[in-house]
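Chemist: Mind looking over this structure? Questions follow.
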Amino acid sequence: MDKRARVLAALRGEAVDHVPISFWGHHYVAENSADGLAQETLRQLRRFDWDFLKPQSRAQAFAEMWGLTYTPSRVAHQKYTTTHVPVAGPAELARLQPADPTAGALGEQLQALRTIRAAAGPSVPIIWTVFSPLMIARYLLPGDAAQLLEIARTEPDALTVALEAIAETLVGYVRACLASGADGVFYATNLATREMLSIRSVRPLLATRANWVSSCRRRSTSRRSRAEAFRRASTVGRSRWATSRSWQATASSSTG
């Protein structure tokens, strides 16, 4: 039983020779380049013989597309240092434009993905990290999540414009990930909690998210041979009500 067959059988609830296992975490030095990320991922694959891969792209890569800069870490377990955040407040958010998802930092991640896929071969399922638009927006602001959530409550129109620009970029990025060898996406969100946002304030943001999901479904190419390995996207973070359920269903159809 190869890795892909093992993962698929486990997802179907069938008997397997062993439970599929994988592990991921940031290597704050290796992730600063496409080759570094690829080689560290492949090193772990060879060392631990993971059944599937979830390469750990650098978290700031998405925000780099709109101007975030940082000083890379020189220690594997210590985070980078942000040197510039590109957005001061709502006015700048309202001027945010879509970025080219195949260029810059995201293009670098795609290069790493292609290298990993070529070296790992077709039998190893790969799931690729994609941040939610809201999660990316927090990286663009000096006040991080607290400032973002205040803008969501007081000036949602400005935030909605930014989220639409980010979402449009991510639609193209997801398509490029699938074309570059990913089987599915790990949809990361850590802001969707009752403590952070009320149902009332989040409704406009959910509308933006629904448009993004719909776009992913319409534009994604059928890739049953690989995407079948992950019939649902994964979600990380505390998300008890604005969760990924509708995204999971859509990701299943759009990637398969």
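The values are calculated or read from the model by the stated rules, or taken from the named source; none is laboratory data. If you're wondering where the values come from, they're calculated on a predicted model, not measured in any experiment. Neighbour counts run over all protein chains shown; Cβ positions are idealised from the backbone, glycine included.
Chemist: Being farther than 26 Å from ALA192 by Cβ and not polar (S, T, N, Q) narrows it down to one residue among PRO133, PRO86, PRO72, PRO98; which is it?
Modeler: Going through PRO133, PRO86, PRO72, PRO98 in turn, just one is farther than 26 Å from ALA192 by Cβ and not polar (S, T, N, Q): PRO72.
Chemist: Next question, about the same structure. Just to check your reading of the model, which residue among LEU141, LEU149 is assigned to a loop (DSSP other than H, G, I, E, B) and more than 13 Å from GLY181 (Cα to Cα)?
Modeler: On inspection, the qualifying residue turns out to be LEU141.
Chemist: When residues of segment 41-93 are filtered for being surrounded by 16 or more Cβ atoms within 10 Å (Cβ to Cβ) and not in a helix (DSSP H, G or I), how many remain?
Modeler: 20
Chemist: Which residue pairs have Cβ atoms under 7 Å apart, sit 6 or more places apart or on different chains, and have a first residue in segment 25-38 that is touching a residue at least 12 places away in the same chain (Cβ under 8 Å) and closer than 16 Å to ARG114 by Cα and a second that is in a helix (DSSP H, G or I) and among the hydrophobic types (A, V, I, L, M, F, W, C)?
Modeler: Taking only residues 6 or more apart or on different chains, the pairs are GLU31/LEU37; ALA34/ALA112; LEU37/ALA30; LEU37/ALA112; ALA38/ALA112; ALA38/ILE116.
Chemist: So is THR169 of a type outside the set (Asp, Glu), touching an Asp or Glu at 6+ places or on another chain (Cβ under 9 Å) and either outside any helix (DSSP H, G or I) or modelled with pLDDT of 95 or more (or both) or not?
Modeler: Judged against the criteria, THR169 is a match.
Chemist: Given the conditions (1) assigned to a helix (DSSP H, G or I); (2) over 16 Å from the mean Cα position of the chain (by Cα); (3) closer than 26 Å to ALA5 by Cβ; (4) not acidic (Asp, Glu), which single one is not true for SER123?
Modeler: Tallying (1) assigned to a helix (DSSP H, G or I); (2) over 16 Å from the mean Cα position of the chain (by Cα); (3) closer than 26 Å to ALA5 by Cβ; (4) not acidic (Asp, Glu), SER123 fails exactly one: (1).
Chemist: Do any residues in segment 117-145 that are within 18 Å of THR160 (Cα to Cα) and in contact (Cβ under 8 Å) with a residue 40 or more places away in the chain have Cβ atoms under 6 Å from those of residues that are hydroxyl-bearing (Ser, Thr, Tyr) and assigned to a loop (DSSP other than H, G, I, E, B), where the two are at least six apart or on different chains, and which pairs are they?
Modeler: Qualifying pairs under 6 Å: SER132/THR189; MET135/THR189.
Chemist: Something else now. Identify the residue in segment 107-123 that is touching a Ser or Thr at 6+ places or on another chain (Cβ under 8 Å) and among the hydrophobic types (A, V, I, L, M, F, W, C) and, among all such residues, is nearest to VAL171 (Cα to Cα).
Modeler: LEU110
Chemist: With respect to ALA5, is the statement that it is within 25 Å of ARG114 (Cβ to Cβ) and buried (at least 19 other Cβ atoms within 10 Å of the Cβ) true? Even if it seems obvious, please write down each step before you answer.
Modeler: Working: within 25 Å of ARG114 (Cβ to Cβ): yes; buried (at least 19 other Cβ atoms within 10 Å of the Cβ): no.
It is false that ALA5 is within 25 Å of ARG114 (Cβ to Cβ) and buried (at least 19 other Cβ atoms within 10 Å of the Cβ).
Chemist: Now for a different question. Specify which of the listed residues (LEU96, LEU113, LEU134, LEU148) is within 18 Å of SER33 (Cα to Cα) and of a type outside the set (S, T, N, Q).
Modeler: Working: LEU96 fails: within 18 Å of SER33 (Cα to Cα); LEU134 fails: within 18 Å of SER33 (Cα to Cα); LEU148 fails: within 18 Å of SER33 (Cα to Cα).
Only one candidate passes the filter, namely LEU113.
Chemist: Can you tell me which residue in segment 124-144 is nearest to LEU170 (Cα to Cα), limited to those that are crowded, with 17+ Cβ neighbours inside 10 Å and out of contact with any strand residue (DSSP E or B) (no Cβ under 8 Å at 6 or more places or on another chain)? Before you say what the answer is, go through the steps one by one.
Modeler: Keep residues of segment 124-144 that are crowded, with 17+ Cβ neighbours inside 10 Å, which gives 124-141.
Subsequent filtering for residues that are out of contact with any strand residue (DSSP E or B) (no Cβ under 8 Å at 6 or more places or on another chain) retains 133-134, 136-141.
Values: PRO133: 8, LEU134: 12, ILE136: 10, ALA137: 13, ARG138: 16, TYR139: 15, LEU140: 16, LEU141: 19 Å.
Among those that are crowded, with 17+ Cβ neighbours inside 10 Å and out of contact with any strand residue (DSSP E or B) (no Cβ under 8 Å at 6 or more places or on another chain), it is PRO133.
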